[in-house]
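Only one structure is covered here, and it is reproduced in the block below.
The values are calculated or read from the model by the stated rules, or taken from the named source; none is laboratory data. Predicted model only: the values in this text are computed from it and were never measured. Note that each Cβ is placed from the backbone with ideal geometry, even for glycine, and that neighbours are counted across all protein chains shown.
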Amino acid sequence: MIKIYSIAATLLLFISCNSQPKNLDKSNKQHNNDTTAIVNHAQFDTAGKTIHVLVALCDNKYQGIVPVPAKIGNGQDPDNNLYWGCAFGVRSYFKNSKSWTLLKHYYIDSIKLERLIFKNKKENFYLVADAYNGKYIQQCTTDFLKSCSGQIKDTLNINGTTIGVYGNAKLLSYIGHDGLMDFRLTESFVNTDNKKRDVIILACISKKYFSGHLTHTGANPLVWSTGLMSPEAYTLHDALESYINNEPVNNIRNSAARAYSKYQHCSEKAARNLLVTGW
């Protein structure tokens with residue numbers, strides 16, 4: 001993600017990274033890295049709704065970004081990554097949230113370096129977040145779009161409950177650098193099941209770069225961007241607070257904008273111009 005950092009903000013993000021390695025459960029390691037081959041038709045609990053978040057870890061080496069400090073821009077190190085282990089990364093921010101309980105976290109493979117499973121404390125919503133190795137941002141993007149179209153689907157069992165992920169999720173989110181500014185996708189993302197999935201895409205100029213692909217998926221864009229932005233977790237978190245409360249779409253967008261305004265120290269008007277909803 002292209003981002004202009006102030007010196008103070010850069011130091012804050014750098015210092016806030018958790019440099020301690022996590023003891024992840026590797027017993028769940030999957031040996032098949034080809035996510036695009038997953039079409040799991042197993043039944044799952046439809047009473048519980050799933051939000052599936054795909055995060056392309058920030059990567060100075062493999063992504064076309066303005067370099068950030070090396071420690072937080074290593075796309076193979078989720079613990080210290082800007083979009084995962086840092087204070088405003090998905091893992092840290094949601095773990096510290098009063099709205100979510102972390103149920104499980106584990107290693108998957110060399111492409112998806114870590115998976116988190118959260119449960120909302122008030123409503124029957126699960127949040128599954130996957131940290132993709134920054135080198136594989138193109139696969140992360142493809143997996144997101146194929147999930148939006150229903151081309152890939154899967155289930156997870158957590159504490160005796162089977163939940164849907166990828167195309168079986170109610171809402172899908174992509175977080176990270178907008179790789180579509182750097183590469184072109186030749187795959188087709190045409191909807192396969194007539195289901196309309198909600199999506200949030202936090203990446204630079206995501207409406208422009210994702211819309212050509214997303215329109216074929218039949219997905220419903222709740223929040224995406226019109227300009228350069230910082231895709232940190234507070235924007236997603238607050239948008240989801242409104243979403244889970246079944247608030248109108250404009251409320252969801254406005255919640256995202258207020259969070260972005262607060263943490264990026266910009267006006268709410270500017271944040272609303274940046275973060276938009278619909279087509």
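Some points to look at:
- Residue in region 44-61 that is nearest to Val90 (Cα to Cα), counting only those that are touching a Phe, Trp or Tyr at 6+ places or on another chain (Cβ under 8 Å) and assigned to a loop (DSSP other than H, G, I, E, B): Leu57
- Exactly one residue among Ala271, Ala233 is under 17 Å from the mean Cα position of the chain (by Cα) and more than 19 Å from Gln151 (Cβ to Cβ), and that residue is Ala233.
- Applying a threshold of 8 Å to beta carbon distances and a minimum spacing of six or more residues, or different chains, the list of pairs starting in region 211-229 at a residue that is surrounded by 21 or more Cβ atoms within 10 Å (Cβ to Cβ) and ending at one that is among the charged types (D, E, K, R) and at pLDDT below 95 reads Met229/Lys3.
- When we screen Asp154, Asp178, Asp182 for residues that are surrounded by fewer than 22 Cβ atoms within 10 Å (Cβ to Cβ) and closer than 21 Å to Gly218 by Cα, the only hit is Asp154.
- For Val165, the stated conditions do not hold, so it cannot be described as surrounded by 21 or more Cβ atoms within 10 Å (Cβ to Cβ) and within 21 Å of Leu274 (Cα to Cα).
- Pairs, first within 28 Å of Asn80 (Cβ to Cβ) and assigned to a strand (DSSP E or B) in region 121-138, second at pLDDT 95 or above and of a type in the set (Ser, Thr, Tyr), C-beta under 6 Å, six or more apart: Tyr126/Thr50
- Sub-6 Å Cβ pairs linking a first residue in region 87-103 that is closer than 15 Å to Thr235 by Cβ to a second residue that is surrounded by fewer than 21 Cβ atoms within 10 Å (Cβ to Cβ) and among the polar types (S, T, N, Q), at least 6 apart or interchain, are Ala87/Ser16, ordered by first then second residue.
- Scanning region 224-279 for residues that are basic (Lys, Arg) and touching a strand residue (DSSP E or B) at 6+ places or on another chain (Cβ under 7 Å) yields one hit, Arg253.
- In region 234-244 there is no residue that is assigned to a loop (DSSP other than H, G, I, E, B), at negative phi and modelled with pLDDT of 95 or more.
- Filtering Ser255, Ser230 for residues that are modelled with pLDDT of 95 or more and not in a helix (DSSP H, G or I) leaves a single hit, Ser230.
- For region 120-138, the set of residues classified as crowded, with 20+ Cβ neighbours inside 10 Å and either within 17 Å of Asn168 (Cβ to Cβ) or touching an Asp or Glu at 6+ places or on another chain (Cβ under 9 Å) (or both) consists of Phe125, Tyr126, Leu127, Val128, Ala129, Asp130, Ala131, Tyr132, Asn133, Gly134, Ile137, listed by residue number.
- Criterion violated by Trp224 - all others in (1) part of a helix (DSSP H, G or I); (2) in contact with a Lys or Arg (Cβ under 6 Å, 6 or more places away or on another chain) satisfied: (1)
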